[in-house]
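Step one of this worksheet: look at the structure below.
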Amino acid sequence: MLDAARLLLSHSGPSVPQRRRGACWLARSALESAVDRLLADRGIDASRASMRVQLICLRAVGGTGETAHVAEHAWAGLSTAAHQHAYELAPTVAETAHLIALVEEVVSAATKAPANPAPAGAEAR
């Protein structure tokens, strides 16, 4: 998904705001999958919880401090960009590229082996 987001962003020609927002939607979807994977690797099934709850769970589990902070920052930026109102400007190419880079950090952390799985029975409700 991040490759598709980068492709939308780097397309030659004028930078259409809808393309930048589309790239944000793709990055946001990749972020959701990565956070779900990070929690699942630690034995926490929060797949039915809201993203806000999942980010709190990610912050609460050990060994994800910086990753949790990056994920929260990326989520806030992507949510703002994705739910743009008519009176707001679309994110710039640089802002969108920065958010995609943040998501890449979280995805990279999610693809590594789990550090400390949570104890059995620890799951979000």
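FYI, it's all coordinate maths here, none of it is from the lab. None of the values given here were measured: they were computed from a predicted structure. Backbone-built Cβ (ideal geometry, glycine too); neighbour counts: all protein chains shown.
A few points about this structure:
- Footprinting exposure proxy for 35, 16 (fewest neighbouring C-beta atoms within 10 Å first): 16, 35
- If you take the Cα centroid of the range 1-69 and the Cα centroid of the range 71-90, the two points sit 13 Å apart.
- Ranked packing of 19-31, 39-51, 86-98, most packed first, by mean Cβ within 10 Å: 19-31, 39-51, 86-98
- 3J(HN,Hα) along the range 80-95: 4, 5, 6, 9, 5, 9, 4, 8, 9, 7, 5, x, 6, 4, 5, 5 Hz, from the Karplus curve 6.51 cos²θ - 1.76 cosθ + 1.60 with θ = phi - 60°, whole Hz, x for Gly and Pro.
- Three-way shape call for the range 1-44 based on the alpha-carbon gyration tensor, with the a/c threshold at 1.5: prolate
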